[in-house]
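Student: Handing you a structure now.
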Amino acid sequence: MTSRSHPLIAAIALLPAPALLLAACGPSEPVPPPLSDKALAAVTADAGAPRDQLAREVDDLFSGEGLGETRALVVLAGGKLAAERYGEGYDADTRFVSWSMAKTITATLIGMLVADGLLSVDAPAPVDLWQRSGDPRADITLRHLLQMRSGLRHTEAGDPPYESSEVRMLFLDGRDDMARWAKEQPLEAEPGERFEYSSNTTVILADIAARALTDSEDPETRRRAVADYLDQRLFVPLGMTSMVPEFDASGTLIGGSLMHASAMDYARFGEFLRNHGRAPGGEQLVPRRWVEAMVTPSPVSEHYGYQTWLNRPEPDLEGGHPLFPDRAPASLFAMIGHMGQYVIVSPDQRVVLVRLGHSDRDERPLMLQQAADVLALYPVR
């Protein structure tokens, strides 16, 4: 051995200690950028999950590539606010359109009327048009309607759009009396035989609710009967003061798609469902067994209950699963609306997550995985 050091050994000797450590360990994981003040401010001190991790996952929902635009996010953990954040131009007072999240609220309205003795789930649906002699639609029950298996002819999304039954009902030939147009559709399958998602079905349920509350055909009387009932029996007890439901020209609640509320009020409704129909003060607004029925799979669909999406595997579901059964408990359920509106309730994690915004078909799967990353911070209890 010579007294002169090898050039490579000499070069290594000149490296600072941290560099030597990195060289010994190989390539390191990329260090994420520091969290902004805005990201940290969105998370409360008592979030029920590691604060920085939660702030980062929430931040990714707002800033991640390919997820669409998140306009509002609220996370409740154990009934307490864990995170709340809004996109540019939106805030806590903004009323966001529900789109199909309204369906779950309509199912709750039906449950209260059943509890009041005004409706029965397994009796023929009280639709006079279907009760004529020889009409096969007389076999449709309220339960069939609630579980989207009435058998009525329906195309939720058409190409071109005007071929969609929903579009025709909402904006074209059915718009002035939506329930009548929906009820006039013939059968395309035996009642109860198969699942077919249908916004028109929910408007039929809303019409049934109005007729249970009033005999009047006057649009304003019908509108007021339903609006007052929802306010007095549901929205006011839950503190949902921002809620504005829409009605058509005949006074029927557009119960499948058009309600408006703040992100926090949607969270309040999710928390109400997590608590099995109980208000914050302890009042049982709808029977516990009704909420349990809402989140029980129908006989023909593991992923759907009463107007509510379930986190159950359904391998053959057209378009892919709208939730993430591979990443969260089977007890998780959700209200889901067009273009990425979600109220996700995970009873086993004691979490409610509200995400509102705009994500197209290709963006929604990625956005959902990011929402699953938020939920994954909370243990199953």
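The values are calculated or read from the model by the stated rules, or taken from the named source; none is laboratory data. Keep in mind it's a predicted model, so treat the numbers as computed, not measured. FYI the Cβ positions are ideal-geometry reconstructions off the backbone, even for glycines, and counts take in every protein chain you see. Keep in mind that these areas ignore ligands, DNA and RNA; they rest on the heavy atoms of the full protein, side chains included. Shrake-Rupley method; radii C 1.70, N 1.55, O 1.52, S 1.80 Å.
Student: With respect to TRP130, is the statement that it is surrounded by fewer than 24 Cβ atoms within 10 Å (Cβ to Cβ), of a type in the set (Phe, Trp, Tyr) and farther than 22 Å from MET259 by Cβ true?
Tutor: Considered against the rule, which asks whether it is surrounded by fewer than 24 Cβ atoms within 10 Å (Cβ to Cβ), of a type in the set (Phe, Trp, Tyr) and farther than 22 Å from MET259 by Cβ, TRP130 comes out as yes.
Student: Take GLY256 and tell me if it is of a type in the set (Gly, Ala, Ser), buried (at least 22 other Cβ atoms within 10 Å of the Cβ), touching a Leu at 6+ places or on another chain (Cβ under 9 Å) and assigned to a loop (DSSP other than H, G, I, E, B).
Tutor: Judged against the criteria, GLY256 is a match.
Student: Among the residues of the range 192-208, which ones are under 22 Å from the mean Cα position of the chain (by Cα) and either in a helix (DSSP H, G or I) or farther than 20 Å from GLY256 by Cβ (or both)?
Tutor: Of all residues in the range 192-208, those under 22 Å from the mean Cα position of the chain (by Cα) come to 195-206.
Result: SER199, ASN200, THR201, THR202, VAL203, ILE204, LEU205, ALA206.
Student: List every residue pair whose Cβ atoms sit under 6 Å apart, with the two residues 6 or more apart in sequence or on different chains, where the first one lies in the range 41-66 and is within 20 Å of ARG364 (Cα to Cα) and the second, anywhere, is assigned to a loop (DSSP other than H, G, I, E, B) and modelled with pLDDT of 95 or more.
Tutor: Pairs that qualify, where the first residue is within 20 Å of ARG364 (Cα to Cα) and the partner is assigned to a loop (DSSP other than H, G, I, E, B) and modelled with pLDDT of 95 or more, are VAL58/ALA42.
Student: When the range 280-308 is examined, which residues are found to be in contact with a Pro (Cβ under 9 Å, 6 or more places away or on another chain), assigned to a loop (DSSP other than H, G, I, E, B) and open to solvent by less than 10 Å² (accessible area, probe 1.4 Å)?
Tutor: Result: HIS303, GLY305.
Student: Go through ASP122, ASP135, ASP173 for me and flag whichever is more than 22 Å from GLU318 (Cβ to Cβ), in contact with a Ser or Thr (Cβ under 6 Å, 6 or more places away or on another chain) and free of Cβ contacts under 8 Å to residues at least 40 places away in the same chain.
Tutor: The match here is ASP122.
Student: Give the range 167-223 a look and list any residue that's among the polar types (S, T, N, Q) and either more than 17 Å from PRO245 (Cβ to Cβ) or at pLDDT 95 or above (or both), or say none. Break it down stepwise before answering.
Tutor: First, pick out the residues of the range 167-223 that are among the polar types (S, T, N, Q): 185, 198-202, 214, 216, 221.
Within the range 167-223, GLN185, SER198, ASN200, THR201, THR202, THR214, SER216, THR221 meet the criteria.
Student: For THR141, indicate whether it is open to solvent by less than 10 Å² (accessible area, probe 1.4 Å), closer than 21 Å to TYR197 by Cβ and either β-branched (Val, Ile, Thr) or touching a residue at least 60 places away in the same chain (Cβ under 8 Å) (or both).
Tutor: On the way: open to solvent by less than 10 Å² (accessible area, probe 1.4 Å): no; closer than 21 Å to TYR197 by Cβ: yes; either β-branched (Val, Ile, Thr) or touching a residue at least 60 places away in the same chain (Cβ under 8 Å) (or both): yes.
No; evaluated as a whole, the condition is false for this residue.
Student: Residue check: is GLU217 open to solvent by 50 Å² or more (accessible area, probe 1.4 Å) and in contact with an Asp or Glu (Cβ under 9 Å, 6 or more places away or on another chain)?
Tutor: Judged against the criteria, GLU217 is not a match.
Student: Which of the residues belonging to the range 361-381 are under 18 Å from PRO325 (Cβ atoms), open to solvent by less than 50 Å² (accessible area, probe 1.4 Å) and outside any helix (DSSP H, G or I)?
Tutor: Passing the criteria: only TYR378.
Student: As an exercise: evaluate THR106 against (1) more than 16 Å from the chain's Cα centre (by Cα); (2) in a helix (DSSP H, G or I) and give the number of the one condition it does not meet.
Tutor: Just one mismatch for THR106, condition (1).
Student: For the range 343-353, which positions are under 15 Å from the mean Cα position of the chain (by Cα) and open to solvent by 10 Å² or more (accessible area, probe 1.4 Å)?
Tutor: Listed by number, the list holds a single entry, PRO347.
Yes/no per residue for (1) touching a helix residue (DSSP H, G or I) at 6+ places or on another chain (Cβ under 8 Å); (2) in a loop (DSSP other than H, G, I, E, B); (3) open to solvent by 30 Å² or more (accessible area, probe 1.4 Å); (4) more than 15 Å from LEU205 (Cα to Cα):
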site: HIS154; (1), (2), (3), (4): yes, yes, no, yes
site: ARG168; (1), (2), (3), (4): yes, no, yes, yes
site: ARG175; (1), (2), (3), (4): yes, yes, yes, yes
site: ALA179; (1), (2), (3), (4): yes, no, no, no
site: ALA182; (1), (2), (3), (4): yes, no, no, no
site: GLN185; (1), (2), (3), (4): yes, yes, no, no
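Student: Say whether the condition of being open to solvent by less than 50 Å² (accessible area, probe 1.4 Å), charged (D, E, K, R) and over 30 Å from ALA330 (Cα atoms) is met by at least one residue in the range 268-277.
Tutor: No, the range 268-277 contains no residue that is open to solvent by less than 50 Å² (accessible area, probe 1.4 Å), charged (D, E, K, R) and over 30 Å from ALA330 (Cα atoms).
Student: Scan the range 230-251 and report the pairs whose first residue is in a strand (DSSP E or B) and whose second residue is open to solvent by less than 60 Å² (accessible area, probe 1.4 Å), with Cβ atoms within less than 6 Å and a gap of 6+ or a chain change.
Tutor: That search, which allows pairs on different chains as well, returns VAL244/HIS260; PRO245/LEU253; PRO245/MET259; PHE247/LEU253.
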